[in-house]
1. Starting from the 7 Å offset along Cα-to-Cβ, what nm value, one decimal, do you get for the label separation of residue 57 and residue 2?
2. How many nm is it between the label spots at residue 113 and residue 151, if each spot is 7 Å from the Cα in line with the beta carbon?
3. Note the full-extension length gain between residue 77 and residue 42 as 0.36 nm times their separation in residues minus their Cα-Cα distance, in nm to one decimal.
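Nothing in this text is a laboratory measurement; each read-out follows from the coordinates by a stated rule. This is a predicted model, so every value here is computed, not measured. Don't worry about glycine lacking a Cβ; one is built from the backbone with ideal geometry, like all the others, and counts go over all protein chains shown.
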Amino acid sequence: MSEPHVLLLGAPGAGKGTQSKRLADAFGIEHVTTGDALRANKDMDISHMDTVYDTPRAYMDAGELVPDEVVNEIVKTALSAADGYVLDGYPRNLEQAEYLSDITSLDAVVFLDVSEAELVERLTGRRVCDDCGANYHVEFSPPEEDGVCDDCGGDLIQRDDDTEECEGTRGAADGPGTSGASHVVVLTCSAIIKHRGGPERPK
């Protein structure tokens, strides 16, 4: 029997990264995130694609969002290299959900539903390593040394969109995207993604 394929969905701050790592450790499978996959493949040659730049790194260095078609290709590469996995941070829209349904099948889709007040508390206390992307929280999961990553020694920063003044934080309960309808998006993603239990998509 092959290893499980699991997808976690939820708003920023819902705990996808924490729970995904726990599941991956428990089952001995890969934890696949778009952030890690992008960092690992930032020099991937995408010159064959109809894109402005020839590598994902060029988008990152320019401070621009990496296009969906490039993210899709990177996720496909990461999933194809893993027998079993827990995927989080993807899909972020319906088009990506449709693409995911075409390239893999899942044993479980889990949606983490957290109140907006709890999300704001979690996000405003979140700190991220500027080098390796590891996540910490000033109250719930602080580093051993204040402002320093336990894993690589990098600087811990507060992302611009993790401040209470930021509209992205106040609207965090809307889900993974930027529109007010993205809470519906994550639920719809769960409904359209193919499960390994059979050819029919769940109703």
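1. Distance between the two pseudo-spin positions: 3.3 nm.
2. 3.1
3. The span from residue 77 to residue 42 would gain 11.4 nm if fully extended.
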